[in-house]
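As structure tokens, the structure follows; a few thoughts come after it.
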Amino acid sequence: MSPHRFTDRTVLVTGAGSGIGRAVALALAAEGARVVAAGRNRAALDETAALAAKAGGGVLVQVADVTRRADVEALVRTAVERFGSLDAAVNNAGVFRGGGPVTDLSEEDWRSLVDTNVTGVLFAMAAEIRQMRTQPRGGAIVNVASNLGAHRQVAGTTAYAATKAAVASLTRGAALEHIGDGVRINAVSPGATATAMSLRPGETEAERAVRMKDESPLGRVSTTEEVAAAVLYLASDAAGSVVGADLLIDGGSAL
Ligand code: NAI
């Protein structure tokens, strides 16, 4: 595997201030990409950029809320104005809230889930595709879905899972619509991954590790680096004929 799959490529990553998004941004920077790291929290994004700089990579930080169409359009504009193209994009920003049965779900939690996980991905993809289809080299998009939704149901996560099933569906539909424009669109579906999002309320990492022995055939959470490796593969030229795929990275939990 070439260590420089993304040299001279500009890649946008949303939700890059923590967790999987940060790991993706760092892995891309290590492979030569010019990364536009987006999220709501500037301090967190600056920390991602500092970590990338230590590893010798370059990250440009831009604050954006993916629920706002103008914000995601501005991200694409920044990538193009600063670097001349947008070669790949990773739509990773997402929230988990409203855990519990659907009968207890608040209107606020539902709207936040849909706004971020579904509308955020749709607006971002639309802006990214409109740019990528003008480029001779096209582009690649990777959406971060989940093993919850299209692959697996777990009681108490129904609302979140529904938004992630929507991400899977948006991925397949947009992939079909735009592969003819030179834009390859795929998804990854992580299972429980080593970030705060997979901790139950009040749970410690050690308690989660014990729970995973029962819940996952692999017996552990995925690392953020393992998820990032899958994202980078799908965004790279090596995945040139992979279109509309949804790669499960969940230790066999959905089997
Ligand atoms: P995280 O909470 O560390 O990362 C989510 C990031 O998205 C945060 O940096 C957050 O600030 C950002 N974000 C949220 N709303 C935003 C908005 N409106 N605009 C811009 N940025 C926003 O959690 P993690 O685990 O890194 O999650 C990344 C993605 O992976 C999410 O889409 C999540 O649903 C998905 N995922 C996570 C799993 C896990 O077990 N950690 C499992 C399956 C999927």
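Leaving ligands, DNA and RNA out of it, report the carbon-plus-sulfur percent of the accessible area of the chain at a 1.4 Å probe. Kindly include the intermediate steps, with their values, before the conclusion.
Values: 6200 of 11520 Å².
That share works out to 54 percent.
Which angle from 0 to 90°, rounded to the nearest 10, does the C-alpha axis of helix 19-30 make with the longest principal axis of the chain?
Long axis of 19-30 versus the principal axis of the chain: about 30 degrees.
Given a 1.4 angstrom probe, what's the average accessible area per residue across segment 18-72, in square angstrom? Spell out each step's value before the answer.
Numbers: 2380 Å² over 55 residues.
Here the residues of segment 18-72 average 43 Å² of exposed surface.
Determine, for each peptide in 89-97, 147-155, 231-239, the mean count of other beta carbons within 10 angstrom over its residues, then list the peptides with the highest first.
Details: 89-97: 24.9, 147-155: 18.2, 231-239: 20.2.
Taking the mean over residues of other Cβ atoms within 10 Å, the ranking is 89-97, 231-239, 147-155.
Could you give the size of the charge dipole of the chain about its Cα centre, using +1 on the Cβ of each K and R and -1 on the Cβ of each D and E, expressed in debye and rounded to the nearest 20?
Details: 25 positive and 27 negative charges, 75 e Å.
So the magnitude is around 360 debye.
For helix 120-132, what angle does its Cα long axis make with the longest principal axis of the chain, in degrees from 0 to 90 and rounded to 10?
Tilt of helix 120-132: around 20 degrees.
How would 109, 46 line up by accessible area, probe 1.4 Å, largest first? Please report the intermediate quantities before stating the final value.
Values: 109 35, 46 75 Å².
Listed by decreasing accessible area, they come as 46, 109.
Mind listing the phi-derived Karplus ³J(HN,Hα) values for segment 177-187, rounded to whole Hz, using 6.51, -1.76 and 1.60 with θ = phi - 60°, and x for any glycine or proline?
5, 10, 5, x, 8, x, 10, 8, 10, 9, 9
With runs of 4+ DSSP H residues as the only contributors, calculate the mean residue ellipticity of the chain at 222 nm using -39,500 (n - 2.57) per run, divided by the residue total and rounded to the nearest 500.
Working: 8 runs with 104 residues, N = 255.
That calculation yields -13000 deg cm²/dmol at 222 nm.
Quote the relative contact order of the chain in percent (integer), defining contacts as alpha-carbon pairs under 8 Å separated by 6+ residues.
18 percent
Kindly report, to the nearest 10 Å², the accessible surface of residue 112 as traced by a 1.4 Å probe over protein heavy atoms only.
Per-residue accessible area (residue 112): approximately 30 Å².
Per residue, how much accessible area does segment 151-255 have with a 1.4 Å probe, in Å²?
So segment 151-255 comes to 48 Å² accessible per residue, rounded to a whole number.
Going through segment 174-209, which GluC sites (Glu not before Pro) have at most 15 other Cβ atoms within 10 Å and a DSSP loop state? Could the numbers behind the result be given before it?
Values: sites: 177, 203, 205, 207; in loops: 203.
For GluC sites (Glu not before Pro) across segment 174-209 that sit outside H, G, I, E and B with at most 15 neighbouring Cβ atoms in 10 Å, the list reads 203.
With the dipole of segment 80-143 worked out from charges on the C-beta (+1 for Lys and Arg, -1 for Asp and Glu) around the Cα centre, which of 140, 98, 117 lies farthest toward the positive end?
Checking the options against the dipole of segment 80-143, the answer is 140.
³J(HN,Hα) across segment 223-232 via Karplus (A = 6.51, B = -1.76, C = 1.60, θ = phi - 60°), whole Hz, x for Gly/Pro?
Per residue, the Karplus-derived 3J(HN,Hα) values read 7, 5, 5, 5, 5, 4, 4, 5, 4, 5 Hz.
Whole angstrom only: what separates the Cα centroid of segment 157-219 from the Cα centroid of segment 26-94?
Distance between centres, Cα-based: 21 Å.
With only Lys, Arg, Asp and Glu charged, each at its Cβ (+1 for the first two, -1 for the last two), find how big the charge dipole of segment 171-235 is about the Cα centre; round to the nearest 20 debye. Don't jump to the answer; show the numbers that get you there.
On the way: 7 positive and 9 negative charges, 20 e Å.
The calculated dipole for segment 171-235 is roughly 100 debye.
Just to be sure I understand: if I project the alpha-carbon convex hull of the chain onto a plane and average over all orientations, what area do I get in nm²? Please list the in-between numbers first.
Numbers: hull surface 52.6 nm².
Quarter of the Cα hull surface area: 13.1 nm².
The values are calculated or read from the model by the stated rules, or taken from the named source; none is laboratory data. Just so you know, these numbers come straight off a predicted model, no measurement behind them. Backbone-built Cβ (ideal geometry, glycine too); neighbour counts: all protein chains shown. Just the protein is used for accessible areas: all its heavy atoms, side chains included, with ligands, DNA and RNA removed. Shrake-Rupley method; radii C 1.70, N 1.55, O 1.52, S 1.80 Å.
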